[in-house]
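Below: the structure, in structure tokens.
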Amino acid sequence: MMAAAVSLLAQSPGSPRGAQAAGAVMAAQAPTTSAPAPEETEVWEPIPPVVTPGATWAAPPSDAIVLFDGKNLNEWVLTRDKSPANWIVADGVVTVNKAGGNIETRQTFKDYQLHIEWKIPESITGSGQARGNSGVFLASTGPGDDGYELQVLDSYQNKTYVNGMGGSIYKQSIPLVNPGRKPGEWQSYDVVWTAPEFNGDGSLKSPAYVTVFFNGVLVQNHFELKGQTLYRGKPFYKAYETAPIKLQAHGDKSEPISFRNIWVRELK
Ligand code: MG
């Protein structure tokens, strides 16, 4: 490696050799070590795989798993009994069926990048947590709301506890800012999820981390989770290997919200 670097230098015009000859007096006094060759710190492999990006920011890159492309819910099941998801698909979007309950992906994931878009209906009513409440569970670790929830809620001039507003990690982390759009406008989450890791005895080896961009604006910056997100009480970790991604059918009385353009890229 060094030999190759030295021979490259010898062939290169304007190498330190010429400079050394001109500055022979200086060289006699200066230490003989020369600056490291730039080649010493060049890394040539492994070569990153080529990925074709989506035509727009919302479209899946070539290596993404498409979870919802506007046509059907083939990739989703009801959390309750794993039967086919019965939310309403129409006009390229899926709308929450509150009576149906939470839905989750058939496939399970560990670390990933997720893109998902959601819209609070323009006709939304209610206030606080009862106004367009849903959620993206970044790992569904059991029935109901078990797991790690990135809150979905109307955050446009809708007062609630700030660790439960849109862009929050429910009851754990307040979003850095509120970039929420008005009801009736599509909004996006782009998420990087680093799953927690567990030892053989179920104890925590390393915590979960999450980074979230809300409408392209950073709202969670590598936040370290304290465990699962809970409605009541203090968070705790529960061991899992891989888990589905889950969407929440929240029981409040406000009009159901919609989702579209859902894709994930597994990180290995
Ligand atoms: Mg929620």
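The values are calculated or read from the model by the stated rules, or taken from the named source; none is laboratory data. Computed from a prediction, not measured in an experiment: that's the story for all the values here. Counting neighbours? That spans all protein chains shown, and the Cβs are built from the backbone with ideal geometry, glycine included.
Below, the figures for the structure above:
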{"read-out": "Members of the range 148-168 found to be away from the ligand (no atom under 11 Å from the Cβ) and either charged (D, E, K, R) or in contact (Cβ under 8 Å) with a residue 60 or more places away in the chain (or both), listed by number", "value": "Tyr148, Asp154, Lys159"}
{"read-out": "Filtered residue count, the range 137-147, keeping only those that are buried (at least 23 other Cβ atoms within 10 Å of the Cβ) and within 10 Å of the ligand (Cβ to nearest atom)", "value": "1"}
{"read-out": "Filtered residues of the range 85-140 (kept if among the aliphatic types (A, V, I, L, M) and over 15 Å from the mean Cα position of the chain (by Cα))", "value": "Ala85, Ile88, Val89, Ala90, Val93, Val94, Val96, Ala99, Ile103, Ile120, Ile124, Ala130"}
{"read-out": "Extreme residue, farthest from Asn178 (Cα to Cα), among residues of the range 218-241 that are assigned to a strand (DSSP E or B) and of a type outside the set (S, T, N, Q)", "value": "Glu224"}
{"read-out": "Test for Pro175: is it more than 16 Å from the ligand (Cβ to nearest atom) and either touching a strand residue (DSSP E or B) at 6+ places or on another chain (Cβ under 8 Å) or not assigned by TED's automatic domain parsing to the domain that holds Trp76 (or both)", "value": "no"}
{"read-out": "In the range 141-164, the residues that are in a strand (DSSP E or B) and of a type in the set (A, V, I, L, M)", "value": "Leu150, Val152"}
{"read-out": "Pairs, first touching a residue at least 40 places away in the same chain (Cβ under 8 Å) in the range 182-207, second exposed (fewer than 14 other Cβ atoms within 10 Å of the Cβ) and not in a loop (DSSP other than H, G, I, E, B), C-beta under 6 Å, six or more apart", "value": "Phe198/Lys205"}
{"read-out": "Which numbered condition Lys226 misses (of (1) among the basic types (Lys, Arg); (2) closer than 14 Å to Asp145 by Cα; (3) surrounded by fewer than 18 Cβ atoms within 10 Å (Cβ to Cβ))", "value": "(2)"}
{"read-out": "Lone unmet requirement of (1) at pLDDT below 95; (2) under 25 Å from Gln107 (Cα atoms); (3) surrounded by 14 or more Cβ atoms within 10 Å (Cβ to Cβ) for Asp252", "value": "(2)"}
{"read-out": "Search result, residues across the range 115-138 that are free of Cβ contacts under 8 Å to residues at least 60 places away in the same chain and among the polar types (S, T, N, Q)", "value": "Ser127"}
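Okay, residues lined up against (1) assigned by TED's automatic domain parsing to the domain that holds Leu138; (2) modelled with pLDDT of 95 or more; (3) surrounded by 10 or more Cβ atoms within 10 Å (Cβ to Cβ); (4) touching a strand residue (DSSP E or B) at 6+ places or on another chain (Cβ under 7 Å):
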{"position": "Ala24", "(1), (2), (3), (4)": "no, no, no, no"}
{"position": "Pro53", "(1), (2), (3), (4)": "no, yes, yes, no"}
{"position": "Ala59", "(1), (2), (3), (4)": "no, yes, yes, no"}
{"position": "Thr79", "(1), (2), (3), (4)": "yes, yes, yes, yes"}
